[in-house]
Every structure is written in structure tokens, then in C-alpha cells.
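The values are calculated or read from the model by the stated rules, or taken from the named source; none is laboratory data. Everything numeric here is computed off the predicted structure, so don't read it as measured data. Here Cβ is always computed from backbone atoms with ideal geometry, including for glycine, and neighbour counts include all displayed protein chains. For accessibility, only protein heavy atoms count, side chains too; no ligands or nucleic acids. Shrake-Rupley method; radii C 1.70, N 1.55, O 1.52, S 1.80 Å.
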Amino acid sequence: MSATFVGMPPFPAAAREKLADAQLRRNLAHATSTIRARRAALVAEVEASVDGGWEALRVAGAEAKDTALRSLDRQLLRLEETLTANGATVHWARDAAQANAIVAALVRAHGADEVIKVKSMVTQEIGLNEALAAEGIAAWETDLAELIVQLGDDLPSHILVPAIHRNRAEIREIFLRAMGEVGRGAPADLTDAPAVLAAAAREHLREKFLRARVGVSGANFAVAETGTLVVVESEGNGRMCLTLPEVLISVVGIEKVVATWDDLDPLLRLLPRSSTGERMNPYTSMWSGVTPGDGPREVHVVLLDNGRTRALADEVGRQALRCIRCSACLNVCPVYERTGGHAYGSVYPGPIGAILNPLLRGVGHSDQIDALPYASTLCGACFEACPVRIDIPRILVDQRAKIVDAHRGGLPTPEAVAMRTAATGLGSARRLAGGERFTRLGLWFARRVGAPAWTSARDLPPAPAESFRRWWKRTDGGRR
Amino acid sequence: MRVALMVTCINDALFPRTGQAVVALLRRLGVDVEFPAAQTCCAQPMINTGYLDEAVPVLRAFVEAFAGYDAVVTPSASCAGCARHQHAIVARRAGDPALRAAADAVSPRVYELSEFLVDRLGVTDVGAYYPHTVTYHPTCHSLRMLGVGDRPRRLLEQVRGLTLLELPGAAECCGFGGTFAVKNADTSIAIGTDKARQVRNTGAEVLVAGDNSCLTHIGGLLSRQRAGVRTVHLAEVLAATA
Amino acid sequence: MFGRRRTAQTDEHGQTEADGLEPAVNAREQILADIRTALSGGSGPAGSAPAVSGPAPAPGTAAPSSPASGGPAFSSASRPVARRHTVDDLIALFAERVADYRATVTHSPTASLSDAVAAALPAGASVIVAADLTVAVPGALVDDGTSGAADLDRIDAVVTGARVAIAETGTLVLDHGPGQGRRAITLVPDRHICIVRADQIVADVPDALAQLAPSVRAGRPLTWISGPSATSDIELSRVEGVHGPRTLIVIIAT
């Protein structure tokens, strides 16, 4: 696999390219509107059936995550203790390279040259598949959408449905071309019916499930109190990877920890409704270390930082660590719906990606990252949809300020000059008779700075004969 | 009750008729609104683009202009939202307790027009007459930042002669987004084009919203497409009489 | 670093290449130290670790359900969000919700469960059951833990009990205790017949978690099953049956 987000241009340019793809926009509009409708119906159901409605559940979900984040060091130590007591081995990794090296060393130690993988955002974040490939270890993605992306040498464009940008005809073509190169090929009479394509994936992956000796997963939640990891999925590929291999390695971001077993309650009610628009996803697996005679004989957990402590230090942004990767914010985002995920240049696209990337990686050193917080109209639909009440617009605005601050002291951009000029004018208008100068400044700003980008497809309104304040002065507020 | 009009920078420069409509409407309802001449801007363009230091002098001008009023009424949910939810951020940044106290005193008194009419004046029938077919776009900041809910609709439903047509996908953003409209012009236009199509499909003569910034964006697209749909601010509809 | 799919090895921390797991010890201390620094820094509420969520929604945009007045304060103690009404007929709701997932639901008196199971099995199907299943399934292979995945792949069906069932979500939860067997036997065969006693059905997720707490504390794995395996990965069009059992038959024993 050689597809990469490296070198992706900043959002405005990447978006322009994607906007020109009419097929992509049709796929996205169909997919996001379908899933929005499903989610809305279930939220309405909860509204009627639960005390305090959906909002009470959101507040409880946010509180469950915050409880753990406020005492994250203690929760992780507790998790390490309970996991170890349950027979698991705990590893710690500060960054992608450390985590990848740990996984590779474990796979090599068992003499394996392949792993089967549960869909996991964090292993994409750290580039695990590519790191393993460099060690001669094949990593097979087993989630259907991830398989489509992997076989198509493609990049994921959605958190939940990474191949959302592909339609059935494209998927059929990818299966026919690529399946046979890495295992059991697709049948020659493959049609593009979703059920037929899913059946081909079942056959293709079956042999890999049955022979694999090492499974790799992430985790949706890690319960400190009981030393339990939780994986939420639909297809059963997760159960296969978590049950059949002798060795299971789970890479878990440190923000995945929750304090108690009971804390799972709001989260398990919020996640499936927000992500797939189901009351409950088909399969949820929970395991607490090693169970003799059942499942893997060796269980490893790699606790990963990779920027999470950086995000935790950000007082406004730290609430983003509550994210449970449901992707509801993507599905309601007017920007995501038009551009798709690739334009964000990260495995985390959409509104959550627009804050998570700068929070995890820092701002002021990459034009690509610095453009992300501006890839939003601040319409607030993401916050409204977020099941754990992450105030994404607030964080976007805060990240914008951090980006501007990071560039202060350098050569000012035309935008910075305009803002400074405007600030001087607007701040001093009270000392100027009638504020007329302010009005002229406003008009200058609107016509000179914004006009070229504005008028490519939009007319500007005609300028009025006089400003409001001049009218007010001339007519004494309309009284004469 | 001393009531100030915060006309907003865009309305002052480009849409004086909206400000005039608020004045006429409030006078008709018995409110003698004042216009503090020292007002300039709410500072939202700076804040939402990340220029917090630059927002500080603008906030100082704002609180000086509007100090002492019982209510500050503005025909913009976006600017009202900025005053209510973002001025505290700027004041904190300035590190000036006096500015913070001044902002805290003014912020909660800032009302978007429909909130002021329905909540403070307790009216939904403002005695307007507007014999046109209208569709209404509830702007994002009115819905999700201020939570004005159905107040604008309740006001429109009482306007005589007015036929209100349902706008499909009404709660979805129009794609304006302040500086987003120029920083990400292509995406902004793509979102707006879908909104403009929904507006055209209603068959309405007039698109009404409570914010001229969104209307400038959608209206600019409709005008370029020669769609024949006019954009009119909610205040101007409510001020109209037979 | 993330967002880059193949460059992790070139990171400045690439020293982990040859020395295997050794740096993990330092990583642990570093991460814990970084967390403590992150939580103690800045100007959070005086005298306490800064609240991650604070007492009220941060300024910015307020959710519609928490209007501009500030919205509900976060509760300091987590308590379950309860149902508005008790569910009158748990069995009916459970059956309806399971059927929503296109699983098959049947009802059977406890005394005639063997017949109900037989009716759910195609003629000539090979069947596996857990050693301690209390319902007789004539001809079934009793799992002794020795069958590997490839062996299980040649078996058509599995019959088990469950630990708890959730009416609201139509979910079965197995804790792989008595009558349920190890995880693999309910995963690899293509047809899962699951017997639920009516008194095992609870209203909603919090009730189930309460019932399952002893199982988890005993270290048991849990499998939550809501309908047959499914995917919506192709144009969000739902397809039942991918890798897990493609047919799920739930027998409610009354």
C-alpha cells in the first residue's frame, strides 16, 4: 500500500479538487443524508423514552469521559494494574514509532509474518500497517470498508465508513482486480449488488481468519476498574480477530479509558445511535485480559500518547479527548458533505479532524494543519450532533487564535494587515465624528479584500446611497 | 426602558434599510430606540478569524457605546451571539478586569430582534402587512448559537398577506461562515448553491432571514443565477404596512 | 506521525527499532509526567484540577436543548439516565426489537425447548453445543474445547443460552458461562440459535450492565449480539450477514 496523506495541499486547494468530482458529491450527499435521518429517528425515540431525553444522555456521556480525563494518570495506572492482574501485558508508547516498534517486535517474537486487523482509527493514525510492511509483516484489514480502501490502494475518507467515497461499481472493480493478488480472488461472475460484494469479502477473508496467529485491534473503551477492553463493530470481523488468534495486540489511545464499569452505560447508548444510527450495533466484544480455554492465550495492550497529552494541556481543546469516534459530526457537516474526507489530509476528517489534528500535532509549523480550523462555517451542527457535547465551534475559534498567535512576529500576511487596520479603525471610531470613517473603512474592506474571491459566483449587493448612520444624522433617526 | 439599536457594521454600510426598518418597527410598538453613534462592530470578524488582540480595541468601543442601556437590539443573530458568547473570551484575553466587567454587564442585554419582540415586548403580531410569497431560512447562529427557536416563524405567521412556504433542509447552513466565504470560497459556493436551489424550488418570491450576511451570500448566488428571488431581512418584512 | 501512512519509522524516536520493548519503561513515566503537567497547568478553577468540561457548556455555541441561559450544569456524580416509564411487556418489546434486525424470533414453553430447537435447525445440519447446555439437542457435538477454527468452520449451527437480554435494543449478551460455551463456537458456525429465558430480559442497557458486573469482575469475556452480522459499508445499504453467523434465531423460553 503506498497511498499517503503526505504532501496533501492545504484544505482550500484540496477541497477545490474534490468539489469538482460530481460522483463523489452524489455519493456523499446520499450517504450523509441517509445516516442523518436514521440518527434523528433514534434520537427522537430516546427523547420520548428516557428521563431528561437525549440531552441527559449526552451530559452523562460527557461526564463519564471527563471523570476519567480529570484523573487520567490515576486511571491509567489502575487500568495497568487490573489488566496485568487479568493476565494481560501492558506496554506504553509515547508516539507512533514506539507503538509500531512494540507491535512489530511482538509479532516477530511469535514468528508470524501476518496479522489480521479490526478496524481501528488509532492504528491508522500511527501508520501501523506501513510500519509492519517495512518489517516484512502483512497487515490484513478485515472491516469491509477498510478492505475496500486497502485493496484499492486508497485513503480512508470517513471515520465510520472509510470507503464512503466509493460506489458499488467501483468496489466491484477493485475486488475483481485486487483480491486475487493477496488471497482468494473474487468470483468471475461478481455483480455489484452489495450482498454479493459482502459475500465475496466473507470468502476472501475467511481463510485469513482461520489461519491467523496474531490479531491487532484498537479499543472503543478501556475500563480501568475491571481491566476490560471494549470493541464495538457490525460485521463480526472484530469478533474473529479478537477470538481466533493465539495472540491479541490492542493499541489503545490513553483517552479511551473510563473509570468504572457503570460509565459504559451512557456511552454504549450514545455511540451506536450516533454512528450507525442503530439502537445497538450488531456485535460488541468485551474482554478482560486472558480467559483460559477461550480466545487468545496472550493479550497485549499498548497505551499510546501520540499527542494526547499535548491536547490535554489545552484548556479549551481538551474536551476533544472525549471523542468516541462516532462520526456524527461528519455526517451533519455542510463542509464535509461537499468535500468528503480526503480534503482534510488526515485519517481524522470532518469537524472533529479539524480540531483533533491541530490539538494532537500542534499549530504554527504546517500550512496543512493550520488551514484545518478554518475549514468550517462555524454553523454549530457538529456540536449539536456530538453525543459527548464537544463544543467543536468553540475549539475551532480557539485554534484559529492559536494559529494567528503562532505567526505573530513574522512577516504579516495581507489578512493580518487588514485585521490590524480594521481594529484600529473600529476601535477608534468613537473618537471620530459620526463614525463616517468607519463606514468608509467597512466598504473598503468588503470590496477590496473579499471581492475577488466573493464575486466568482456571487453578485455583491449594490452600494446604498447613504449609510445608516448618515441617514440617522440627516433625519434625526427618521423623525424629520 | 432605554433601548439601543446595534445596527451592525454590515447593515450600516450596505443595508441601511434594515436598520431603518428596526427603528420604524420598534417605534410602532412604542419603543423609542436610540442609536449610539460611537458604535462600530461587534468584533466577530476578528474573533472568528483568530485575531483576538485585534478584537480588544473593538470590544472596548462596543462596551463604551452600549453601556447603560437596558436592552441592545440588533437585526443579526450572529452579532448578538458574538456579544453574548464571545466577548468574554476577548475580555479575558485583554487581561483587563474593568473591560471584563463592562462586557459582562452589556452581553446579557444584547437581543436579536425576534428575541426582543417575543421575549421582551411579548408580541408576535406586530401589525405588519406584506402581500408576498415568502420562504424563511433560519440562520445557523440564530438556531444553534442563540436558540431563537420558532420565534421568527411565529412573527412571520402573523403578518397579513404573507404566504409562508416551507424551505426543505432549512436548518442546514448556507455556507457563508464569515471569512470562510472568501478563505474557502469554492466550498462556500458549493454549499450555497445547494441552499439557493432549495430556495428556488419553493417557488417563493422572497427569501427572508434574520441576518443580512447570510442573505448577501445566498442572494449573491440567486442574483448571479438570475433566479428572480429577492432577499429581504426579517425586520423589513415586519416593518412593512399596508 | 499520524496522517502520514508510512513514515512512522523515520520519526526521531526511531531508536525502538532494535531494542524491542525496552523504551516502554521510560515511555510510561514520561506519559504519566506529561499528563500531570497537562492537568496542573494553566488557569483552571482555583484550587482544583481544571475541570475538563467545566460546570457549564463553554461559550461558543449553545446546544438548542441548552439555550443561551447556559444549559444544564454537568452533574458531578454519574448516575444512570433512567427510563421515563417502566416497560410493561419486556418480552414483546424484546421480540419486536430483535425482529427489527431481521433476526428470527420464536417463543417456546421451557418444557418443549428441544422441539423448538429442532424446528430451528435445517434437516441434516451439523450442530455444536456447550457442554453444560440444559436443553437436549440430539446428535449435537458437545464442545470439549479441542475443535480449532477450521473444524468449527465445517459445523453448520450452534445452540446456546445467554446471560441477559435487553428489550430496548433487542440485544443478547453472552458471558460465555454455563450453556454458552467459549466465544469461538458462537462465531464460526453460520447459524446461531440462542435460547433466552423470559426472566433474563431487562429493559435497557443500564439494567444489563448491572446484571453483567459480576461476570466482568470474574474476568469473563462478554459478547453483545444485536441481530445477525451486518454491514452498511457499501453505499450505506444494509446487508445482513458478513463474517459472524448470518442467521440468528432467538427462542424466548416462557
Original post:
What is the P(r) of chain A, as percent of Cα-Cα pairs per 20 Å bin from 0?
Top reply: 21, 51, 21, 6, 0
**OP:** List the cysteines in chain A whose Cβ has no other cysteine Cβ under 4.7 Å from it.
**Re:** A:Cys241, A:Cys323, A:Cys326, A:Cys333, A:Cys386
Original post:
Across the range C:246-254, in residue order, what do the Karplus-derived ³J(HN,Hα) couplings come to in whole Hz, using 6.51 cos²θ - 1.76 cosθ + 1.60 with θ = phi - 60° and x for Gly and Pro?
Top reply: 7, 10, 10, 10, 9, 10, 8, 8, 10
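Once you have the Cα-Cα distance between A:Ala41 and A:Arg168, take 0.36 nm times their residue separation minus that, and quote the gain in nm to one decimal. Spell out each step's value before the answer.
Working: separation 127, 0.36 × 127 = 45.72 nm, distance 2.64 nm.
Computed gain between A:Ala41 and A:Arg168 is 43.1 nm.
What is the local net charge at A:Gly380, summed over the other residues whose Cβ is closer than 12 Å to its Cβ (Lys, Arg +1; Asp, Glu -1)? Write down the numbers at each step before the final one.
On the way: positive: A:Arg394, B:Arg144; negative: A:Glu384, A:Asp391, B:Glu172.
Local charge sum for A:Gly380: -1.
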**OP:** From other protein chains only, count the Cβ atoms within 10 Å of every residue's Cβ in A:385-391, then give the mean.
**Re:** 3
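If you take the accessible area of C alone plus B alone and subtract the pair, what total do you get in square angstrom, rounded to 100, with a 1.4 Å probe?
Values: alone 16260 and 10750 Å², together 26420 Å².
Summing both chains' loss of accessible area gives about 600 Å².
What shape does the protein assembly as shown take by its C-alpha gyration tensor, where a ≥ b ≥ c are the square roots of the eigenvalues and a/c under 1.5 counts as rounded, a/b above b/c as prolate, and the rest as oblate?
Values: a/c = 2.05, a/b = 1.78, b/c = 1.15.
In terms of gyration-tensor shape, prolate.
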**OP:** With a 1.4 Å probe on protein heavy atoms only, work out how much accessible surface A and C bury together, total over both chains, in Å² to the nearest 100.
**Re:** 10500
Subject >> At q = 0.15 Å⁻¹, base-10 log of I(q)/I(0) for chain B (Debye sum, equal scatterers on each alpha carbon) >> reply: -1.02
Original post:
Which value, in Å², gives the accessible area per residue of chain A when a 1.4 Å probe is used on the protein heavy atoms?
Top reply: 30
Original post:
Pulled fully out, how much extra length does the chain show between B:Asn201 and B:Asp104, if you take 0.36 nm times their separation in residues and subtract their Cα-Cα distance?
Top reply: 30.5 nm
Original post:
Once phi is turned into θ = phi - 60°, what whole-Hz ³J(HN,Hα) does the Karplus curve with 6.51, -1.76 and 1.60 give for every residue of the range B:237-242, x standing for Gly and Pro?
Top reply: 5, 6, 7, 5, 9, 5
Original post:
Which pairs break 29 Å Cα to Cα here: A:Lys256/B:Lys195; A:Lys65/A:Lys402; A:Lys65/B:Lys195; A:Lys402/B:Lys183; A:Lys119/B:Lys195?
Top reply: A:Lys256/B:Lys195; A:Lys65/B:Lys195; A:Lys119/B:Lys195
**OP:** State the Cα centre-to-centre distance between the range B:187-235 and the range C:183-210 in whole Å.
**Re:** 53
**OP:** Run the 1.4 Å probe and let me know the accessible area of B:Arg60, rounded to the nearest 10 Å².
**Re:** 80
Subject >> Other-chain or far-sequence residues with amide H under 5 Å of A:Ser250's (modelled H) >> reply: A:Ser217, A:His300, A:Val301, A:Val302
**OP:** Working from the alpha-carbon coordinates of the range B:3-120, get Rg over Rh, Rh being the Kirkwood radius.
**Re:** 0.96
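For the protein assembly as shown, give me the percentage of DSSP beta bridges that are antiparallel, rounded to the nearest 5 percent.
On the way: 22 of 88 bridges.
Restricted to the protein assembly as shown, the bridges split so that about 25 percent are antiparallel.
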Original post:
What aspartates and glutamates sit close enough to A:Lys18 to cross-link, taking a C-alpha to C-alpha distance under 14 Å and skipping anything fewer than 8 places away on the same chain?
Top reply: A:Glu337, B:Asp186
Original post:
Considering the Cα trace of the range A:49-148, what is its radius of gyration and what is Dmax, both in angstroms?
Top reply: 18.1, 54
Original post:
Is the range C:90-253 rounded, prolate or oblate when judged by the Cα gyration tensor, a ≥ b ≥ c being the square roots of its eigenvalues, rounded requiring a/c under 1.5 and prolate requiring a/b larger than b/c?
Top reply: rounded
**OP:** Quote the accessible area belonging to A:Ser234 in square angstrom, nearest 10, computed with a 1.4 Å probe and with ligands, DNA and RNA left uncounted.
**Re:** 30
Original post:
Hey, in the GNM for chain B with a 10 angstrom Cα cutoff, which one of B:Gln20, B:Gln44, B:Gln225 fluctuates hardest?
Top reply: B:Gln225
**OP:** Only residues of the range A:369-397 count here: report those whose backbone N is under 17 Å from the spot 7 Å along Cα→Cβ of A:Arg408, or say none.
**Re:** A:397
Subject >> Pair A:Thr89, B:Asp70: separation of 7 Å Cα→Cβ label points (nm) >> reply: 7.5
Subject >> Computed over chain A: relative contact order in percent, which uses C-alpha pairs under 8 Å that are six or more apart >> reply: 20
**OP:** State the antiparallel share, in %, of DSSP beta bridges confined to the range A:49-308, rounding to the nearest 5.
**Re:** 25
Original post:
Heavy-atom accessible area of C:Asp190 with all protein chains present, probe 1.4 Å, nearest 10 Å²?
Top reply: 50
Original post:
Which whole-percent values make up P(r) of the range A:279-325 when all C-alpha to C-alpha distances are grouped in 10 Å steps starting at zero?
Top reply: 19, 29, 30, 20, 3
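Please give the FRET efficiency for C:Ala99 paired with A:Arg479, using the beta carbon to beta carbon distance and R0 = 51 Å, rounded to the nearest 0.05.
Values: r = 71 Å, r/R0 = 1.40.
For C:Ala99 and A:Arg479, the calculated efficiency is 0.10.
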Original post:
Is the range A:49-308 best put as rounded, prolate or oblate by its Cα gyration tensor, with a ≥ b ≥ c the root eigenvalues, rounded for a/c under 1.5, and otherwise prolate when a/b is larger than b/c, oblate when not?
Top reply: oblate
Original post:
Which residues' amide hydrogens lie under 5 Å from the amide hydrogen of C:Gly241, considering only partners 5 or more residues apart or on another chain, with H built in the peptide plane?
Top reply: C:Ser229, C:Ala230, C:Thr231
Original post:
Once both axes come from the Cα atoms, what is the angle between helix A:264-275 and the longest principal axis of chain A, in degrees from 0 to 90, rounded to 10?
Top reply: 70
Original post:
Please state the relative contact order of the range B:116-242 as a whole percent: Cα pairs under 8 Å, 6+ residues apart?
Top reply: 31
**OP:** For chain A, give the share of DSSP beta bridges that are antiparallel, in percent and rounded to the nearest 5; count only bridges with both residues there.
**Re:** 25
Subject >> Of all accessible heavy-atom area on the protein assembly as shown, the percent that carbon and sulfur account for (1.4 Å) >> reply: 53
Original post:
Along the range A:65-77, what does the Karplus equation 6.51 cos²θ - 1.76 cosθ + 1.60 (θ = phi - 60°) give for ³J(HN,Hα), rounded to whole Hz, x for Gly and Pro?
Top reply: 6, 5, 4, 6, 5, 5, 10, 4, 4, 5, 5, 5, 5
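Just tell me, in residue order, which DSSP H segments of chain B are both 24 angstrom or longer along the helix axis (alpha-carbon based) and at least -1.0 in mean Kyte-Doolittle hydropathy. Please list the in-between numbers first.
Details: long enough: B:185-202 (26 Å, -0.64).
Helices meeting the span and hydropathy rule in chain B are B:185-202.
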